[in-house]
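Comments concern the structure below.
Since every read-out is calculated from the coordinates, none of them should be taken as a lab result. All of these numbers come straight from a predicted model, not from anything done at the bench. Glycine also receives a Cβ, built like all others from the backbone with ideal geometry; neighbour counts cover every protein chain displayed.
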């Protein structure tokens, strides 16, 4: 950020995670983004009322588009518009282009269901599944009893990369021009910045099979507009020893008694009705009546 933008960010800082100066700086440094800056709204007197971090994003064969810089590098937005005064910016925008998980009552902004819901007791969550689906989930949760969950850290996330790299290579590179190893470093740098902000807690669950780590789930817990949010960033696992861990970790997070009432956000499984390869389970694990909405907007 330049000095003018830094002054605006500090002036509007409301103590929330995405208002933290180093966090904003980190987003503006994402790969594949050019001319990262703050899109600022002002009142009739010229006083800043809100901002969004934006930049020009390029994909091969497509024209550059000015896009919101999401809360995870090269990923669908999880909690992007949690910046001060975001609704003032949104009121000036129209049409559909990218995902924005916005806690807002702005009726003129189109909404789409997303892979987000509120944390709830298992008994309530269970009611929304068919008998066959319950049977399948019970089987997976029973299988998960072989795992011992321990508290992990970012060093464990680095160690887990070996499994996820192989899985993503099978699915095809969906991270634009960013090489896999660079994506890992950017992801770890981002999560470290969130941890250092002291405005969020990293909930890192390390799944152990005996003494061997076979999977890891990383969530970021923070507070925004009087509600706690649990943003589920990644689940990386050994596909041979912990198959289905993505499903298991989601169910455990949604029904975690310590997070009852939290807004639980998975990265969006797709946009405009297209589900990303390997992410159908995100829809399937949040029944339609429980899905919260997000806005889909365009900047330019």
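At an R0 of 25 angstrom, the distance between the Cβ atoms of residue 29 and residue 223 translates into a FRET efficiency of 0.50.
What is the calculated FRET efficiency for residue 275 to residue 118, with r their C-beta to C-beta distance and R₀ = 22 Å, to the nearest 0.05? About 0.45, to the nearest 0.05.
Projected onto planes of every orientation and averaged, the convex hull of the alpha-carbon atoms in region 1-43 covers 3.3 nm². Listed from fewest to most Cβ neighbours within 10 Å, the set 88, 44, 229, 222 follows the order 44, 88, 222, 229. Which residues does a label at residue 45 reach in region 1-28, if reach means a backbone N under 14 Å from a point 7 Å past the Cα toward the Cβ? Answer for region 1-28: none.
When 17, 28, 122 are arranged by Cβ crowding within 10 Å, least crowded first, meaning fewest neighbours, the order is 122, 28, 17. Label-to-label distance, residue 132 versus residue 252, with points set 7 angstrom from Cα along the beta-carbon direction: 2.8 nm. What base-10 log of the normalised intensity I(q)/I(0) is obtained for region 116-291 from the Debye formula, alpha carbons as equal point scatterers, at q = 0.16 Å⁻¹? Once normalised to I(0) and log-transformed, intensities are -1.08.
Placing dummy labels 7 Å off each Cα toward the beta-carbon, the span from residue 146 to residue 182 is 3.9 nm. On the basis of the beta-carbon distance and an R0 of 22 Å, residue 208 and residue 165 show a calculated FRET efficiency of 0.55.
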